[in-house]
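Just so it is clear, none of the values below were taken in a lab; they were calculated from the coordinates. None of these values were measured; they are calculated from a predicted model. Cβ coordinates were reconstructed from backbone atoms using ideal geometry, including for glycine residues, and neighbour counts include every protein chain displayed.
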Amino acid sequence: MINILIVEDDLPISNLIRLNLNMANYKSKAAYNGEEALNLIEKETFDLILLDIMLPKIDGFKLLEMIKPKGIPIIFLTAKSSTTDKVYGLRAGADDYITKRATRCNIKSIA
C-alpha cells in the first residue's frame, strides 16, 4: 500500500487531506511541523510527501533540502502562490507545486 506523509500545520486541512487519501485507499500519516516530519522520515518509509512551506520549527523549503537526497517524491501544497515561490520550490527539487486557494461561499437560506 502506498504510504503518504502529510506535513501540514493547519489541523483541519491536514485532517481533510488525510480523510481523502484514506478514502482513496492510501495509507497516510501526518506531521504538524518540520521537526516532527524529519523524525518520521528517518524512522519510516514514505512513497510521497505532501509538504506545506510555512511550518513551525523547520520550514518546508529547508525541510526539502534536508530530505531530497532520500529520493522521496515531494509535492508542495501551500498557500504561497507567488511565481517566485513556485520557481524556487521547483528548482529546489520539489516534484510539483500546488497552491491552496481560499474561497468564500455565500450560503443563502431557502425560505
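Worth pointing out:
- Against the empirical 2.2 N^0.38 Å (N residues), the chain has a Cα radius of gyration ratio of 1.14.
- For the chain, the longest principal axis of the Cα atoms and the long axis of helix 34-43 meet at an angle of about 50 degrees.
- Scaling against 2.2 N^0.38 Å puts the C-alpha radius of gyration of region 1-51 at 1.03.
- Two-site label geometry, Asn15 and Thr83: point separation in nm, points 7 Å out along Cα→Cβ: 3.9
- DSSP-assigned coil residues among trypsin sites (Lys or Arg not before Pro) in region 1-65, each with at most 15 further Cβ atoms within 10 Å: Lys57
- Cβ-placed point charges (K, R +1; D, E -1), dipole of the chain about Cα centre in debye, nearest 20: 380
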